Ligand SMILES: [Cu+2]
């Protein structure tokens, strides 16, 4: 009897100790360098020793040494004698900017944010190749702000992630972003300080990079955002009329946390671009809806006008007086097979690094709180992977999702090529994305070239999910950051 009681007590004690151990491991330090975060994953390539100063080894793979040196002509200067460069040395070329903007961030009330007195903020229009300079001034946001240039492969110092590439800009302070708009396309900007709160509350706007050779006003922007539970287009919940000429493009930007679908009635349409990359050989589509990933963009070309573009949950965008329709759901246009297949200059069959980004969910603790939490490669935040690369590497990543929910996966600073989905290879136009709609049960194999040194977030753009720990980083060897993740720098 007595032995049994002792054993029961012992068992309970062990159980409590195990729970306590998991609980204790669910906190990150109050003040942490992103460079020291997570478990190092070398993806089969070498990992240089300086990353391991924190003691978090856990290097995987082994493999051959791949030593590439910036083949893309970027300035390799800025490295000190130890071969380590700080993120704030990773900047655009010097010299006068072609375009200047001043954006003033304001807090208009609880969960309400403005840029230059409005939300969404102004549509910034630049020309491909422009050196763009944006001065962000925080007028009245007590928690601080930043701006991230979603989809633009900016130099790391301009990436706008609080605690990783800069400090959050406090009231009365400013930060200047400089980058070359090297790819024409549809992009957007948003705060990356407390982003689950500030982006939802309106600290965002559209960025259009016009092609070098284009006539002015050759397109229209439709920025979708949910304000206080109400879905809007360009800030208006009312029916939106767009006058569009033949040959113009409708740039749809989904700034929400979940996917939206577009239906076109009264005309055929073409998908001209996804996430700021043009589709090769876009053919006419009829009676199929197209999905716009959370954070993603789709440029539509309408083959006839008037026509109507319906956005799920919004109502419609009226194009030159097209009548509203009440079509139910349509089969989805599969961009895996859309457009003309052409070769891409990326050796995806022989990658230098191979990673997996496996999305799951299970009970446990995050920051000491019990719950059903997201996992990456089986582990919860802060034990998320740190994907290590060297400049010039070809990287292959397999993203799988068995978490029970859709995750719009967004890698900063790079566009990625979709190689396959659920084992089916991409047979359409090269499908470049920065925001991938990874549904429950899906497996995507993607590839990209590591050609933009820095420390880059690779996270879910359902921003509450990111705040719940669905974030990892891609880190170039030899890059470090002086910024700290703490109670004033909270990028999620
Ligand atoms: Cu998610």
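The values are calculated or read from the model by the stated rules, or taken from the named source; none is laboratory data. Since the model is a prediction, treat every value here as computed from it, not as a measurement. FYI the Cβ positions are ideal-geometry reconstructions off the backbone, even for glycines, and counts take in every protein chain you see.
Scan the range 174-186 and give yes if some residue there is in contact (Cβ under 8 Å) with a residue 60 or more places away in the chain, under 28 Å from residue 468 (Cβ atoms), buried (at least 24 other Cβ atoms within 10 Å of the Cβ) and not assigned by TED's automatic domain parsing to the domain that holds residue 457, otherwise no. Looking through the range 174-186, none of the residues is in contact (Cβ under 8 Å) with a residue 60 or more places away in the chain, under 28 Å from residue 468 (Cβ atoms), buried (at least 24 other Cβ atoms within 10 Å of the Cβ) and not assigned by TED's automatic domain parsing to the domain that holds residue 457.
Considering 474, 470, the condition of being in contact (Cβ under 8 Å) with a residue 60 or more places away in the chain and either outside the structural domain of residue 401 (by TED's automatic domain parsing) or within 16 Å of the ligand (Cβ to nearest atom) (or both) is satisfied by 470 alone. Residues considered: 363, 425, 382. Of these, the only one that is crowded, with 19+ Cβ neighbours inside 10 Å and in contact with a strand residue (DSSP E or B) (Cβ under 9 Å, 6 or more places away or on another chain) is 382.
Restricted to the range 421-443, and to residues there that are more than 14 Å from the ligand (Cβ to nearest atom) and in a strand (DSSP E or B), the residue that is farthest from residue 87 (Cα to Cα) is 424.
Working only within the range 253-295, note down all residues that are in contact (Cβ under 8 Å) with a residue 60 or more places away in the chain, under 21 Å from residue 190 (Cβ atoms) and in a strand (DSSP E or B). If the condition is that a residue be in contact (Cβ under 8 Å) with a residue 60 or more places away in the chain, under 21 Å from residue 190 (Cβ atoms) and in a strand (DSSP E or B), then 253, 273, 274, 277, 291, 292 are the ones that fit. Just one of the numbered conditions (1) assigned to a loop (DSSP other than H, G, I, E, B); (2) within 17 Å of residue 294 (Cα to Cα) is not true of residue 410: (1). Of everything in the range 381-402 that is within 14 Å of the ligand (Cβ to nearest atom) and either in the same structural domain as residue 179 (by TED's automatic domain parsing) or closer than 18 Å to residue 26 by Cβ (or both), the residue that is modelled with the highest pLDDT is 384.
Does residue 459 satisfy being within 16 Å of the ligand (Cβ to nearest atom), more than 20 Å from residue 419 (Cβ to Cβ), part of a strand (DSSP E or B) and in the same structural domain as residue 354 (by TED's automatic domain parsing)? Against the criterion (within 16 Å of the ligand (Cβ to nearest atom), more than 20 Å from residue 419 (Cβ to Cβ), part of a strand (DSSP E or B) and in the same structural domain as residue 354 (by TED's automatic domain parsing)), residue 459 qualifies. For the range 403-420, filtered to residues that are away from the ligand (no atom under 16 Å from the Cβ) and buried (at least 23 other Cβ atoms within 10 Å of the Cβ), the residue that is farthest from the chain's Cα centre (by Cα) is 416.
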